[in-house]
Each structure stands twice: as C-alpha cells, then as structure tokens.
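A.B. asks: First the structure, which I've put down as structure tokens, then a few questions once you've had a look.
What follows draws every value from the coordinates through simple rules; no lab data is involved. The structure presented is a predicted model; accordingly, all values stated were derived computationally and were not measured. Glycine gets a Cβ as well: all are built from the backbone with ideal geometry, and neighbour counts include every protein chain shown.
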Amino acid sequence: MSIERLKKINKITQEISKDLPIRADKRKTRLFIDNEYFKKGYASLFRKSVTLVYCVLAMYANKKTQTCFPSIETIMKESGIKRRNSIVDSSRVLESYNIVTIFRSKGLNPNIYSLLDPSVWKEPNSINVDTVLKNKNRPETVSENQPQQYQNQPPNSIPTDTRNHISKSYNEISNENKNPNKEALEKMRIFMEKLKKDSKIP
C-alpha cells in the first residue's frame with residue numbers, strides 16, 4: 001500500500017472517529033498483550049484456554065512488576081473456563097514457553113505469576129504442548145483464596161494477609177531450592193524487600 005493511500009485512509013478514519021466515544025489512548029485499567037503473542041503464532045498454536053488465562057494474568061499484572069497472584073477461582077471466573085484442570089494445564093503451557101514464570105506456593109496461599117518479556121520466550125513449536133500437558137509429575141498447588149488485585153494497584157495497597165502469603169511462599173521456595181532459576185528468585189527477593197519497605201512492614 002502506498003504512503004499516499006495510507007495518509008488518505010488515516011484522514012478518513014480520523015473524520016469517522018472524531019464524533020464517536022472511542023477508547024482513550026491510555027488507561028490505567030487497560031491490560032496489554034505483547035504483539036509477538038499473535039504475530040509469532042502463539043495464539044494460533046495454543047488452545048483458546050491458554051490465551052484466556054494469559055489475558056487474565058495480564059489484566060491482574062502490576063504495571064511495574066508485571067506480577068500477579070489471582071486464585072484459580074478468580075481465573076476461572078474472569079476467563080469463563082469451567083474446569084480447574086484447564087487452568088492448571090494452560091498455566092503449565094505458558095510456563096513451558098517462558099511466557100510466564102510461576103512461583104508456586106503451598107496450601108491455600110496463591111501462586112505468584114510473573115509475565116516475562118518476549119525476548120526470552122521460546123519459539124513456537126519448539127516444545128510439544130501435548131508432552132507438556134502429559135508431564136504432570138510436579139504437583140500444582142493452587143489457592144482457594146480470591147485476593148482482590150488490580151493492574152495498577154500500588155504495592156502498599158495489597159492486603160496484609162496476602163502480603164504475608166507472598167512472603168511465606170517466597171521463603172518456602174528459597175529454602176527448599178526447588179526453583180533452579182536463581183536470577184528470578186533474586187528478583188523476587190528484591191521485589192519482596194521493596195514491598196515490605198513501601199508497606200512499612202516491621
């Protein structure tokens with residue numbers, strides 16, 4: 001398409017939209033999905049449930065830390081997915097492709113999800129998704145709780161119980177050394193220290 005034609009189309013769209021209640025170009029409550037998720041074919045490769053889970057995680061992710069901790073019930077409610085196992089399987093697929101990192105907690109504590117940069121994602125079709133779903137040797141622990149969380153919620157607005165759950169989960173991960181990603185653990189440690197500082201936790 002020529003530059004002149006693009007300019008003409010752009011002018012027409014501006015005329016059409018000027019009297020319409022179009023979306024604002026910036027909103028604090030708007031989630032964002034990296035273009036690579038669609039351009040590189042992840043959305044077409046994965047089951048629809050995987051993309052739905054990813055969208056929910058993106059909605060709840062803190063704008064600065066890109067970290068969230070919705071319970072599995074919250075993800076089910078927001079995505080419309082009826083089966084708990086579908087949530088677990090979808091999370092596992094996202095994790096296997098390095099699209100998210102999951103810091104797993106125990107008991108009723110929520111898991112912590114960190115959305116990663118596209119530069120570290122594994123290429124589409126580099127992993128057999130069916131193999132990932134069949135490989136369930138590592139137990140998945142999910143939360144029965146439903147902590148309220150929003151995309152741009154500042155660290156010091158997180159409920160005390162939830163902060164304690166996060167801190168306990170991080171300590172368990174560190175002590176048991178189950179996650180080999182030392183760099184990710186270090187980042188989580190820094191995040192927890194900042195959380196405590198901002199929240200004035202003694």
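A.B. asks: Go through (1) surrounded by 15 or more Cβ atoms within 10 Å (Cβ to Cβ); (2) of a type in the set (Ser, Thr, Tyr); (3) free of Cβ contacts under 8 Å to residues at least 40 places away in the same chain one by one and return the number of the condition Tyr54 breaks.
C.D. replies: Among (1) surrounded by 15 or more Cβ atoms within 10 Å (Cβ to Cβ); (2) of a type in the set (Ser, Thr, Tyr); (3) free of Cβ contacts under 8 Å to residues at least 40 places away in the same chain, the lone unmet condition for Tyr54 is (3).
A.B. asks: If I ask for residues that are assigned to a loop (DSSP other than H, G, I, E, B), of a type outside the set (Ser, Thr, Tyr) and closer than 18 Å to Ser44 by Cβ, which ones from the stretch 81-133 would you list?
C.D. replies: Residues satisfying the conditions are Ile99, Trp121, Lys122, Glu123, Pro124, Asn125, Ile127, Asn128.
A.B. asks: To continue, here is another question. Return the residues of the stretch 23-50 that are over 22 Å from Ile99 (Cβ atoms) and either basic (Lys, Arg) or surrounded by 10 or more Cβ atoms within 10 Å (Cβ to Cβ) (or both); say none if nothing qualifies.
C.D. replies: Once the filter is applied, which keeps residues that are over 22 Å from Ile99 (Cβ atoms) and either basic (Lys, Arg) or surrounded by 10 or more Cβ atoms within 10 Å (Cβ to Cβ) (or both), the stretch 23-50 yields Arg23, Lys26, Arg27, Lys28.
A.B. asks: Any residue in the stretch 6-29 that's without any contact (Cβ under 8 Å) to a residue 40 or more places away in the chain and among the small types (Gly, Ala, Ser): show its pairings with residues that are surrounded by 10 or more Cβ atoms within 10 Å (Cβ to Cβ) and outside any helix (DSSP H, G or I) at Cβ separation under 9 Å, as long as the two are six or more apart or on different chains.
C.D. replies: As it stands, the answer is Ala24/Arg30, since those pairs meet every condition given.
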